[in-house]
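The values are calculated or read from the model by the stated rules, or taken from the named source; none is laboratory data. Note that the structure is a prediction, hence the values are computed from the model and not measured. Glycine gets a Cβ as well: all are built from the backbone with ideal geometry, and neighbour counts include every protein chain shown.
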Amino acid sequence: MANTLLSLEQIYHRYSISRDIFNDITLNIGEGDFYCVTGSSGAGKSTFLKLLSSSLKPTSGNISFNGSNLNDIAQNKLYHIKRQIGFVFQDFRLLPHLTTYENVALPLKVQNKKEKNYKMDVVELLNWVNLEHCTHSYPNYLSGGEQQRAAIARAVITSPKLILADEPTGNVDNENTKKILSLFNEMNKLGTTIIIATHDENVLSQSRATIIEIENNKIKIKDK
């Protein structure tokens with residue numbers, strides 16, 4: 001049985017007095033698990049990911065990462081935990097003034113790593129996501145699929161324990177959806193925990209993931 005990576009205990013979250021998002025959510029996510037989170041527009045998929053990444057605190061309840069309660073943790077330790085989480089956004093969020101190589105390497109540069117120690121890692125990762133031909137290109141010259149694969153490479157360059165992806169195929173075509181899903185499936189086979197928020201039926205049917213459906217402020221685990 002896999003060790004628990006994330007634990008949600010009696011999570012309750014509301015945006016306003018009149019709008020509840022989650023009501024009594026309890027869930028354990030193990031190391032190497034793969035989940036797709038689905039639900040209607042406004043159900044709370046993106047909010048769910050924000051809670052898991054600790055960028056948003058629940059109104060009440062506890063969320064733990066590797067046994068550390070994220071609601072009651074020193075700021076320096078929280079920073080260390082956030083470095084173990086990679087986030088992939090629907091709108092890519094690549095910096096336009098940086099090349100593909102520089103965007104992917106950015107998390108390492110922020111950590112004050114020396115380029116001589118990570119250059120080959122970045123090059124190998126760009127090869128893995130089939131972007132070796134785009135190494136020196138700027139985001140505006142990349143297709144949507146290429147930009148998203150660069151964003152995935154940036155998210156995994158630090159070898160995180162957890163990847164959170166918010167509608168990662170929302171701005172790409174079917175062919176690139178297959179390529180992106182292949183990358184997520186490969187990462188999961190290597191032991192990375194992956195949680196994708198999506199409404200894309202191709203993602204739900206072609207990934208290795210277990211489905212979490214958000215409905216009426218609750219979550220339900222669905223068999224594929």
*Working carefully through the options ASP91, ASP33, find the one that is acidic (Asp, Glu), out of contact with any strand residue (DSSP E or B) (no Cβ under 8 Å at 6 or more places or on another chain) and either crowded, with 19+ Cβ neighbours inside 10 Å or closer than 20 Å to THR169 by Cβ (or both).*
ASP91
*Filter the range 186-216 down to the residues that are under 25 Å from ARG14 (Cα atoms) and charged (D, E, K, R), then identify the one that is farthest from the chain's Cα centre (by Cα).*
GLU215
*Take the range 72-113 and flag every residue that is at pLDDT 95 or above, more than 19 Å from the chain's Cα centre (by Cα) and in a loop (DSSP other than H, G, I, E, B).*
PRO96, HIS97, LEU98, THR99
*With a cut-off of at least 2 residues that are within 24 Å of GLU201 (Cβ to Cβ) and not aliphatic (A, V, I, L, M), name the strands (runs of 3 or more DSSP E) lying wholly within the range 1-69.*
34-38
_Output for the range 159-173, where each listed residue is in a loop (DSSP other than H, G, I, E, B) and of a type in the set (Val, Ile, Thr)_ = THR169, VAL172
*Test each condition in (1) more than 24 Å from THR192 (Cα to Cα); (2) within 15 Å of the chain's Cα centre (by Cα); (3) among the hydrophobic types (A, V, I, L, M, F, W, C) for ILE17 and report the one that comes out false.*
(2)
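Name every residue in the range 64-121 that is among the hydrophobic types (A, V, I, L, M, F, W, C) and within 26 Å of ILE25 (Cα to Cα), in order of residue number.
Within the range 64-121, PHE65, LEU70, ILE73, ALA74, LEU78, ILE81, ILE85, PHE87, VAL88, PHE89 meet the criteria.
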*If you scan the range 105-120, which residues turn out to be loosely packed, with under 13 Cβ neighbours inside 10 Å, touching a helix residue (DSSP H, G or I) at 6+ places or on another chain (Cβ under 9 Å) and touching a residue at least 12 places away in the same chain (Cβ under 8 Å)?*
none
*Here are some residues: GLU167, GLU186, GLU213, GLU175. Which one is out of contact with any Lys or Arg (no Cβ under 7 Å at 6 or more places or on another chain), surrounded by fewer than 22 Cβ atoms within 10 Å (Cβ to Cβ) and closer than 19 Å to THR38 by Cβ?*
GLU167
